[in-house]
Amino acid sequence: MKIIVLSDNRSISSELETEHGLSIYLETARYKCLLDTGASDLFIRNAEKLNIDLSAVDYVFISHGHADHIGGLSYFLEINSRAKVILSSKALTQKFFSQRNGMHQISVETDFTKHYDRFIFVDNELTLEDDIHIFTNTSNMYAKPIGNSNLYKENATGELIPDDFNHELILTAGTDKLFVFTGCAHRGLLNILQTVKEKSAVPIRCVMGGFHLLDTKNGNVYENETQIAEITKILNNKYPLTDFITGHCTGEKVYEQLKINMEFRLIHFFCGYKIEFDGC
């Protein structure tokens, strides 16, 4: 299993562009996947520089309906005529907003109906291949990220209500060991991992994506040191053999605190980051 980050807030090289978005390329011996499409066509330009042929991608997985994860989908559909797109139907039928830095819309207005023959909508769970599984989160055992308090969606009457993230999906890949993609983990990293444990007996080898644990700054207060320490304690106790690779919506200061207790099992990704796994 080969993984390469195409879009993120940070970069390994000045030649690779950055944005507030997330897109990851995943390749196995059997298929090629794109995990989210970032906020724009930036992931396409970075893929070209990294010699990745996106026209050969078999599946696109959209973790949720926020524009920094689905904003590049229309550009992808222009260069790839074969891939199936897996997402929640609720990702396209709701409007999403954020009040960070002033209230603004964070969903896309693109009309994808002409591509619906390529779309696979998942609102429960799906086995896509023998080794690709899609789930909705079913665990509420742990607290959700405090940063969710900034995020809203529009109801049927046009009123803004808290986003409940019913449009968020989880992807796992692998047979003997699992790779888990969290997207932004709006339902909570620990809840996502608990859901995967309940759905599969296969051990989790690697977890990758944003964890939506934000840095407290500019008057915005999120998880404190005690709360982050508790999350790390649970990760170390329940998932001692799992590696965690994060970036995007995981704060820099939060990352540093997680790293203190997780050490080599926690890795920071960036545009151009590459990793390969055996046995997944």
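Taking the criterion of being touching a residue at least 12 places away in the same chain (Cβ under 8 Å), part of a helix (DSSP H, G or I) and out of contact with any Phe, Trp or Tyr (no Cβ under 8 Å at 6 or more places or on another chain), the residues of the stretch 44-66 that qualify are Arg45, Asn46, Lys49, Ser55, Ala56. Every residue in the stretch 252-268 that is among the hydroxyl-bearing types (Ser, Thr, Tyr) and not in a helix (DSSP H, G or I), please. Those that are among the hydroxyl-bearing types (Ser, Thr, Tyr) and not in a helix (DSSP H, G or I): none in the stretch 252-268. Apart from one condition, Phe244 fits all of (1) under 24 Å from Glu168 (Cα atoms); (2) of a type outside the set (Asp, Glu); (3) surrounded by 19 or more Cβ atoms within 10 Å (Cβ to Cβ); (4) in contact (Cβ under 8 Å) with a residue 60 or more places away in the chain; the exception is (4). Of the residues making up the stretch 106-157, those that are aromatic (Phe, Trp, Tyr), open to solvent by less than 60 Å² (accessible area, probe 1.4 Å) and free of Cβ contacts under 8 Å to residues at least 40 places away in the same chain are Phe112, Phe119. Of all residues in the stretch 67-93, those that are without any contact (Cβ under 8 Å) to a residue 12 or more places away in the chain and under 29 Å from Gly188 (Cβ atoms) total 1.
Taken over the stretch 190-227, the residue count meeting the criterion of being of a type in the set (A, V, I, L, M, F, W, C) and surrounded by fewer than 17 Cβ atoms within 10 Å (Cβ to Cβ) is 2. If you go through the stretch 178-225, how many residues are β-branched (Val, Ile, Thr), in contact with a Lys or Arg (Cβ under 9 Å, 6 or more places away or on another chain) and outside any loop (DSSP other than H, G, I, E, B)? Residues meeting the conditions: 3.
Listed here are the residues, each with its yes/no results for (1) open to solvent by 10 Å² or more (accessible area, probe 1.4 Å); (2) within 16 Å of Asn80 (Cα to Cα); (3) hydroxyl-bearing (Ser, Thr, Tyr).
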| site | (1), (2), (3) |
| --- | --- |
| Ile3 | no, no, no |
| Ser7 | no, no, yes |
| Glu19 | yes, no, no |
| Ile44 | yes, yes, no |
| Asp53 | yes, yes, no |
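For residues in the stretch 158-177 being assigned to a strand (DSSP E or B) and over 29 Å from Thr28 (Cα atoms), which is most open to solvent (accessible area, probe 1.4 Å)? Among residues in the stretch 158-177 that are assigned to a strand (DSSP E or B) and over 29 Å from Thr28 (Cα atoms), the one most open to solvent (accessible area, probe 1.4 Å) is Pro162. Condition (residue is open to solvent by less than 30 Å² (accessible area, probe 1.4 Å), touching a strand residue (DSSP E or B) at 6+ places or on another chain (Cβ under 6 Å) and not in a strand (DSSP E or B)) applied to the stretch 96-103: is it met by at least one residue? For the stretch 96-103, residues open to solvent by less than 30 Å² (accessible area, probe 1.4 Å), touching a strand residue (DSSP E or B) at 6+ places or on another chain (Cβ under 6 Å) and not in a strand (DSSP E or B): absent. Here Lys238 fulfils each of the conditions (1) out of contact with any helix residue (DSSP H, G or I) (no Cβ under 6 Å at 6 or more places or on another chain); (2) within 23 Å of Ile260 (Cα to Cα); (3) crowded, with 20+ Cβ neighbours inside 10 Å apart from (3).
Looking at the structure I just gave you, is Leu77 aliphatic (A, V, I, L, M) and either farther than 29 Å from Leu160 by Cα or in a loop (DSSP other than H, G, I, E, B) (or both)? If you could, list the steps in order and put the result at the bottom.
Numbers: aliphatic (A, V, I, L, M): yes; either farther than 29 Å from Leu160 by Cα or in a loop (DSSP other than H, G, I, E, B) (or both): yes.
In short, yes.
The values are calculated or read from the model by the stated rules, or taken from the named source; none is laboratory data. What you see is a predicted model, and the numbers here were worked out from it, not measured in a lab. Because the Cβ atoms are built from the backbone with ideal geometry, glycine has one as well, and the counts that use them run over all protein chains shown. Keep in mind that these areas ignore ligands, DNA and RNA; they rest on the heavy atoms of the full protein, side chains included. Shrake-Rupley method; radii C 1.70, N 1.55, O 1.52, S 1.80 Å.
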